[in-house]
Amino acid sequence: MVFEKLKKIIAEQLEVEEDEIKMESSFQDDLDADSLDVVELIMAIEDEFDLEIPDEEAEKIKTVKDAVEYIQNNMK
Amino acid sequence: MKRRVVITGIGVVSPIGIGMEEFWNAIKEGKNGVDYITRFDTEGYSTKIAAEVKGFKPEDYMDKKEAKRMDRFTQFAVAASRLAVEDSQLNLDLINKNRFGVVIGSGVGGLSTLEEQHEKLLKKGPKRISPFFIPMMISNMAAGQIAILLGAKGPNETVVSACASSTNAIGDSFKIIQRGDADIIVTGGAEAAITPLALAGFSSMKALSTNNDNPKIASRPFDKNRDGFVMGEGSAILILEELNHALNRGAKIYGEIVGYGMTCDAYHITAPAENGEGAARAMKSALDDAGIEPNMIDYINAHGTSTPYNDKFETAAIKEVFKDYAYKLKVSSTKSMTGHLLGAAGGLEGAVCALTVYHDFIPPTINYNTKDEECDLDYVPNKGIEQKVIYAMSNSLGFGGHNASIIIKKYV
């Protein structure tokens, strides 16, 4: 459920097809994001899931799986 | 002997057409680009009209994701650059990228980005400001993005001198190639300032036409009833190339840039100096640079904004430089059709001058109906003229007292 919702956000933010997005995809290595793209993606995730992700946690989110796990563990 | 600089490509994104051919046909027809503003609600604004670029799809010219990371002015610039490079038939794989530059003029840069992000700051706080805010907003990013797109690793800069910006950009590029620091420069201007804040700001200055009932006749340079300028937007890009570089690859040559002059009024932040004395010195300086006599100029594409002051003082300046011959030369303002593209105006009007000497066609000043005794030159009213043009001059005058003139010569 989180993954499906996240896929939509990632697809929109990074202009990639949803079926390109796998759990193991790395934002920068596989989905052609640069460091600024990732910052903006994290903001979109915060908005969509009503979260506040501290910078030191955000820096650890490098793959779709990292994001899914963070969201699942921190959803209000 | 000085290195010679020619124009080998033209790309246009304008309120009266996208692409050089569509634009030039519109200019010849006297097409009018002014209408009601559609990009935002103008309720409460004293001016409700502008010359917007219509039917522009950034994804036709660049990757969708890249387009999202660009302000509208940069999207215009990148699109126009692509069109200009295509038109020039430059093979980017065969040129020395270290001698390939980009010089772009923009008056205000990414104003719509600034406005959106500021609204976000007020509504949602500092943590919601996009990491792309700064790189999208800064005025130099059009030049930066064009360089990335084309791999242009030579001289690169952005000129900000209000409405003179892109004539300065073309003139500076001319000098950079002439002195030997580059062989090809992508130059011109880009502007996308039809935004709520800019419209309100120019309105407060009483600079804009408020002819909301008749948008089609609102931009009427040199007409006695003119009441201010009409904002336009877009980008026009020229490919400038060292003559032998162009000849060696068999390039089409629109014209040669032969003179550039720039001065400052040092007088007032927005009002032109009495009798356009600064503008007159810029024109003289361009003539001196070209080494030609005033009576060799056939056509002036005037700054001609349609404000009471500009048109009156620019006319006085032309008379000061050209004396009696002023009444013999043709002067027109294509802003009557395109609106005022601010920092991109000089790029667009440089393109008009290049096409004028290439096609021997002098564009009209449309909406010209009532003669003003203070503006008494031949403004090519309402209908263009087929006439041989050897030398064309383009003037751009900006807030801050910036004055720039370039001279383009027919290449034979």
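At q = 0.06, 0.07, 0.10, 0.12 Å⁻¹ the log10 of I(q)/I(0) for the protein assembly as shown amounts to -0.29, -0.39, -0.74, -0.98, computed by Debye summation with a single uniform scatterer per C-alpha, solvent ignored.
Is there a simple number for the mean count of other chain Cβ atoms within 10 Å of the Cβ of residues in B:222-230, and what is it?
0
Along segment B:89-101 the Karplus relation, 6.51 cos²θ - 1.76 cosθ + 1.60 evaluated at θ = phi - 60°, assigns HN-Hα couplings of 6, 5, 8, 5, 7, 9, 9, 7, 5, 6, 10, 10, x Hz to successive residues, with x for each Gly and Pro. Taking a ≥ b ≥ c as the square roots of the eigenvalues of the Cα gyration tensor, an a/c ratio of 1.5 or more together with a/b no larger than b/c marks chain B as oblate. Averaging 1/r over every pair of different alpha carbons in segment B:242-341 and inverting the result gives a Kirkwood radius of 15.1 Å.
Taking Lys and Arg as +1 and Asp and Glu as -1, the other residues whose beta-carbon sits under 14 Å from that of residue B:278 total -3.
As a check on your grasp of the helix formula, calculate [θ] at 222 nm for the protein assembly as shown: sum -39500 (n - 2.57) over DSSP H runs of n ≥ 4, divide by the residue count, round to the nearest 500. The partial results should precede the final answer.
Values: 18 runs with 185 residues, N = 488.
That calculation yields -11000 deg cm²/dmol at 222 nm.
Sorting the segments B:405-412, B:354-361 by their residues' average number of neighbouring beta-carbon atoms within 10 angstrom, most packed first, yields B:405-412, B:354-361. What is the sum of charges around residue B:345, taking Lys and Arg as +1, Asp and Glu as -1, for the other residues whose C-beta is under 15 Å from the C-beta of residue B:345? Result for the local shell: -4. Kirkwood-type hydrodynamic radius, segment B:1-116: 16.7 Å, calculated from all non-identical alpha-carbon pairs. Spatially, segment B:128-165 and segment B:367-406 are offset by 30 Å when compared through their Cα centroids. I'd like the distance separating the alpha-carbon centroids of segment A:8-73 and segment B:194-256, in whole Å. About 42 Å separates the Cα centre of segment A:8-73 from the one of segment B:194-256.
Here's how it looks for residue B:372: its modeled amide H is under 5 Å from those of B:224, which are all 5 or more places away or on a different chain.
Distances between placed amide hydrogens fall under 5 Å for residue A:25 paired with A:64, A:65, all partners being 5 or more residues away or on another chain. Averaged over residues, the count of other Cβ atoms within 10 Å places the peptides B:286-293, B:392-399 in the sequence B:392-399, B:286-293, highest first. The string of couplings for segment B:117-129 from the Karplus curve (6.51, -1.76, 1.60, θ = phi - 60°) is 6, 5, 5, 5, 4, 5, 7, 10, x, x, 6, 9, 6 Hz, one whole number per residue in order, with x for Gly and Pro. Using the Cα gyration tensor of segment B:260-409, with a ≥ b ≥ c the square roots of its eigenvalues, what is the shape: rounded (a/c below 1.5), prolate (a/b larger than b/c) or oblate (neither)? Rounded is the answer for segment B:260-409, as its axis ratio a/c remains below 1.5. Here's the picture: charge each Lys and Arg Cβ at +1 and each Asp and Glu Cβ at -1 in segment B:1-129, and of B:46, B:24, B:110 the one pushed furthest to the positive end of that dipole is B:110.
Which whole-number percent gives the relative contact order of segment B:352-412, counting Cα pairs below 8 Å spaced six or more residues apart? Intermediate results must be reported in sequence, preceding the final value.
Working: 90 pairs, mean separation 22.9, N = 61.
Rounded, it is 37 percent for segment B:352-412.
The separation of segment B:310-339 from segment B:1-71, counted between C-alpha centres, amounts to 25 Å.
Would you kindly state how much longer the chain becomes between residue B:370 and residue B:225 on full extension, computed as 0.36 nm times their sequence separation minus their alpha carbon distance, in nm to one decimal? Spell out each step's value before the answer.
Values: separation 145, 0.36 × 145 = 52.20 nm, distance 0.70 nm.
Separation in residues times 0.36 nm, less the Cα-Cα distance, equals 51.5 nm.
With a 10 Å radius around each residue's Cβ, average the other Cβ atoms per peptide and rank B:3-14, B:106-117, highest first. Please report the intermediate quantities before stating the final value.
Values: B:3-14: 26.9, B:106-117: 23.2.
Ranking, from highest mean packing down: B:3-14, B:106-117.
Between residue B:360 and residue B:244, what FRET efficiency comes out of the Förster formula 1/(1 + (r/R0)^6) with R0 = 25 Å and r the beta carbon distance, rounded to 0.05?
Working: r = 26 Å, r/R0 = 1.03.
About 0.45, to the nearest 0.05.
How high is the FRET efficiency between residue A:44 and residue B:60 when r is their beta carbon distance and R₀ equals 25 Å, given to the nearest 0.05? List each step's numbers first, then the result.
Values: r = 26 Å, r/R0 = 1.05.
The value I calculate is 0.45.
Were the residues from residue B:323 through residue B:271 laid out at 0.36 nm apart, the gain over their Cα-Cα distance would be 16.3 nm. For segment A:1-75, averaging the sequence separation of C-alpha pairs within contact (under 8 Å, six or more residues apart) and dividing by the residue count gives a relative contact order of 35 percent.
Starting from the Cα gyration tensor of segment B:5-248, take the square roots of the eigenvalues, sort them a ≥ b ≥ c, and report rounded, prolate or oblate (rounded when a/c is under 1.5, otherwise prolate if a/b is larger than b/c, else oblate). It is oblate, given that a/c is not under 1.5 and a/b is not larger than b/c.
Across segment B:167-175, computed HN-Hα scalar couplings (Karplus, 6.51 cos²θ - 1.76 cosθ + 1.60, θ = phi - 60°) run 6, 4, 4, 5, x, 5, 4, 4, 5 Hz from first to last residue, x flagging Gly and Pro. Based on Cα contacts under 8 Å between residues 6+ apart, segment B:98-177 shows a relative contact order of 50 percent.
Throughout, read-outs are computed from the coordinates displayed, never taken from laboratory work. Only a predicted model underlies this, so the values are computations on that prediction, with no experimental measurement involved. Quick reminder, even Gly has a Cβ in these numbers, built from the backbone with ideal geometry, and neighbours come from all protein chains shown.
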